[in-house]
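The values are calculated or read from the model by the stated rules, or taken from the named source; none is laboratory data. In this text, all values refer to a predicted model and were calculated from it rather than measured experimentally. A quick note on method: Cβ atoms are made from the backbone with ideal geometry, for glycine too, and the neighbour counts reach across all protein chains shown. SASA here: full protein model, heavy atoms, side chains in, ligands and nucleic acids out. Shrake-Rupley method; radii C 1.70, N 1.55, O 1.52, S 1.80 Å.
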Amino acid sequence: MPKRGKNYKAAAANIDKTNLYDVDKALALVVDNAKTKFDSSVEVHIRLGVDGRHADQQVRGAIVLPHGTGKTKKVLVFAKGPKAAEAEAAGADYVGADELAKKIQSENWFDFDVVVATPDMMGVVGRLGKVLGPKGLMPNPKSGTVTMDIERALSEIKAGKVEYRLDKTNIVHVAIGKVSFGAEKLTDNFNTLIEAINKAKPAAAKGQYLRSVTLASTMGPGVKVNTAKLV
């Protein structure tokens, strides 16, 4: 176990680890006990009652949070011709085709947070699967990042669109904003995320779907949420 600092221990002392809190109370605790000198991110960790090894139990999608994430994302767009021009006009940070793929492969370049591609560019992007995939950057139609509507995709990403997907332990990790948002705005973002994940429940999922939900700020202690009220 890593050694915990004084600030962490002081914050943890204010939270009952055996208790399951209502969302608004949980987020108020997270905000009140964030001890970093910078504006901490607030993350939610959701353990689901699915087995992601099976294709029919995958949970993945994207939503626009009502209050954004508090982070401006750099977007790389793979497109050519008019669609490249559309991407530039819509505020993409980087736009290109084969030359960007080569830059990523040869220079290990990853100065971007999201990758968007038009369907005709997936032959080029597909060759980057081994490097983009592990970083969660591979464009995907389910998350709206493989599309011909580049302008809309960029608008949503810049407005606070977040992706959610299972990790190998069947947990979804999503940042829902900054401590400076306050509990009320964070609650709005949290509820929007939970609603989307509930709607994405696979038909093949059996038993309890929301196994556990924990909220935490950067370097802060986790606060467990009462999942019975989230269905």
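Data for the structure
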{"quantity": "Beta bridges per DSSP with both ends in the chain, % antiparallel, nearest 5", "calculated": "70 percent"}
{"quantity": "Gain on full stretching of the segment that runs from residue 106 to residue 142 - 0.36 nm per residue minus C-alpha separation", "calculated": "10.1 nm"}
{"quantity": "Per residue, in Å², the accessible surface of segment 48-188 once ligands and nucleic acids are set aside, probe 1.4 Å", "calculated": "50 Å²"}
{"quantity": "Relative contact order of segment 27-117, pairs being alpha-carbon contacts under 8 Å that are 6 or more residues apart, as %", "calculated": "25 percent"}
{"quantity": "Helix-only CD estimate at 222 nm, as mean residue ellipticity for the chain, using -39500 (n - 2.57) per DSSP H run (n ≥ 4)", "calculated": "-9000 deg cm²/dmol"}
{"quantity": "The chain, accessible surface, carbon-and-sulfur percent (1.4 angstrom probe)", "calculated": "50 percent"}
{"quantity": "Net charge dipole size for the chain [Lys, Arg +1 and Asp, Glu -1 on Cβ; Debye, nearest 20]", "calculated": "980 debye"}
{"quantity": "Which of 85, 64, 54, positive extreme of dipole for segment 1-93 (C-beta unit charges)", "calculated": "54"}
{"quantity": "Total charge dipole magnitude, segment 101-231, about the Cα centre, Cβ charges on Lys, Arg, Asp, Glu only, Debye to nearest 20", "calculated": "520 debye"}
{"quantity": "Principal-axis tilt of helix 150-159 within the chain, Cα atoms, nearest 10 degrees", "calculated": "30 degrees"}
{"quantity": "Calculated FRET efficiency for the pair residue 199/residue 16, C-beta based, R₀ 22 Å, to 0.05", "calculated": "0.10"}
{"quantity": "Candidate lysines for bridging to residue 103, where Cα separation is under 22 Å - those fewer than 8 sequence places away on the same chain excluded", "calculated": "73, 74, 80, 83, 130, 135"}
{"quantity": "Reachable lysines, given that their alpha-carbon falls under 20 Å from the alpha-carbon of residue 6 and they are not under 8 places away in the same chain", "calculated": "17, 35, 37"}
{"quantity": "Label zone at residue 88 (point 7 Å along Cα-to-Cβ), backbone N below 17 Å, segment 105-125", "calculated": "118"}
